[in-house]
Amino acid sequence: MVAYVVAIVLIAFIFDFINGFHDSANSIATIVGTRVLSPLAAVGWAATFNFAAAFTGSLAVAKAIGGGMIEQSIVTPNVILGGLLGAIIWNLITWYFGIPSSSSHALIGGYAGAAVAHAGMAAITWGTKWIQTLSFIVISPVVGLLAGYLLMVTVFWLFHRTSATRVDRFFRPAQLVSSALLSYSHGGNDAQKTMGIIVGLLVSAKALFAKETGFLHHFYLADNNTIPHWVEICAYTAISLGTLFGGWRIVYTMGSRITKLRPVGGFCAETGGAAAILIATHFGIPVSTTHTITGSIVGVGATQRLSGVRWGLAGRIVWAWVVTIPSAAILAAISYSLLSLVVQI
């Protein structure tokens, strides 16, 4: 059973890797779409700042996922693994079709679906964190849209007497800063969700590791208020490595199909999205970086003209957001049911 729990921890880090792979587009699509960096340079840039969040970010989101959404007393290794499998399957489906859905909401939905399959609706801890998470499905893209729109309008006003060539020359290096900030905020929010899942697993299995010595003793965790340092570093490493491999299908959708961007637009979209994500992270809200940056890109595109945004594509993306939590939950419930037939815990 110890080996089973260790294997689930590894699968959680695999999900974190897939999260980085799937969501790398959030960090690099705009900077690639504006041709400020090549795709290879962009993923290296994004991965670096994903990992940088490990040393300066808070752990509020991890604690919210670990103890604020699912009743800890009903959590078992099978619940955790079922939730992870549901999220991984949904991520791979949306990656294959190039849909920028939310890995965060896939994980939350998967975790909830497996928990409900195990213990019914009583498994859900209805409260502030659920209200915040579900509310921010709507709030985060709206905040991103407004931030991108207002920043773009401000830039237009400040640079209205400057030629387009000089504006591009100024914002090409500026976009390196905004892209780094977006990657930092992405790592700071998304990697913590995997940490919270692992903490929930280790608390549920603490009896197995109480008397272990050596390396396995580090798996002993008495409560979900502590995030082991090794879990934090491994989570940030996994998401950073996933970003290095990139998700090129989604890069194309985010970087050029929603709206055409210039460096000034990329700067405004990234800065607006990063600001919204950092605020949510500060308050421990597991927000979707995908939703936020998509909203910012739409806001920037709308400053040119409403027809500058491909609203049909944006509408299909919104539908993907709506169905992510229930779809991942269903996949996770099926996964949990199959696991419970094979592994009795």
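Just so you know, all these numbers are worked out from the coordinates, no wet-lab data involved. Source: prediction; values computed, not measured. Reconstructed Cβ throughout: ideal geometry from the backbone, glycine too, with neighbour counts over all protein chains shown.
If I model a spin label at LEU338 and PHE159 as a point 7 Å from the Cα along the Cα→Cβ vector, what separation in nanometres do I get?
About 5.1 nm, to one decimal.
Report, in cubic angstrom per residue, the convex hull volume of the C-alpha atoms of the chain.
Considering the Cα atoms of the chain, their hull volume per residue is 113 Å³.
Taking 0.36 nm per residue of sequence separation and subtracting the Cα-Cα distance, how much length would be gained by fully extending the chain between MET1 and PHE97, in nm to one decimal?
Answer, rounded to one decimal: 30.9 nm.
When the Cα centres of region 57-95 and region 102-138 are compared, how far apart do they sit, in Å?
Comparing the Cα centres of region 57-95 and region 102-138, I get a distance of 9 Å.
Could you work out the helix-only [θ] at 222 nm for the chain, with each DSSP H run of four or more residues adding -39,500 (n - 2.57) and the total divided by the number of residues, to the nearest 500 deg cm²/dmol?
Here the helix-only value at 222 nm equals -25500 deg cm²/dmol.
Going by how many other Cβ atoms sit within 10 Å of their own, how do LYS129, LYS206 line up, fewest first?
LYS206, LYS129
Only Cα pairs under 8 Å and at least 6 apart count here; give the relative contact order of region 84-158 as a rounded whole percent.
About 21 percent, as a whole number.
R0 = 30 Å: FRET efficiency of LEU10 with LEU146, Cβ-based, nearest 0.05?
According to the calculation, E is roughly 0.15.
For the chain, please report how many Lys pairs fall under 22 Å Cα to Cα, leaving out neighbours fewer than 8 apart on the same chain.
5
Using θ = phi - 60° and the Karplus relation 6.51 cos²θ - 1.76 cosθ + 1.60, list the HN-Hα couplings for region 328-334 in order, rounded to whole Hz, with x at every Gly or Pro.
Result, ordered by residue: 5, 5, 5, 4, 5, 4, 5 Hz.
Starting from the Cα gyration tensor of region 71-113, take the square roots of the eigenvalues, sort them a ≥ b ≥ c, and report rounded, prolate or oblate (rounded when a/c is under 1.5, otherwise prolate if a/b is larger than b/c, else oblate).
Prolate is the answer for region 71-113, as a/c is 1.5 or above and a/b outweighs b/c.
Which of THR243, THR125, THR194, THR94 comes first, and how do the rest follow, when ranked by fewest Cβ neighbours within 10 Å?
Going from least to most buried by this count: THR125, THR94, THR194, THR243.
List the residues whose amide H sits under 5 Å from the amide H of ILE70, counting only those 5 or more places along or on another chain, with H placed 1.01 Å from N in the peptide plane.
THR125
Please compute the length gained on full extension between LYS211 and ILE131, using 0.36 nm multiplied by the number of residues separating them and subtracting their Cα-Cα distance.
24.9 nm
Counting pairs of alpha carbon atoms under 8 Å apart in space and at least six apart in sequence, what relative contact order in percent does region 2-342 give?
Computed value for region 2-342: 40 percent relative contact order.
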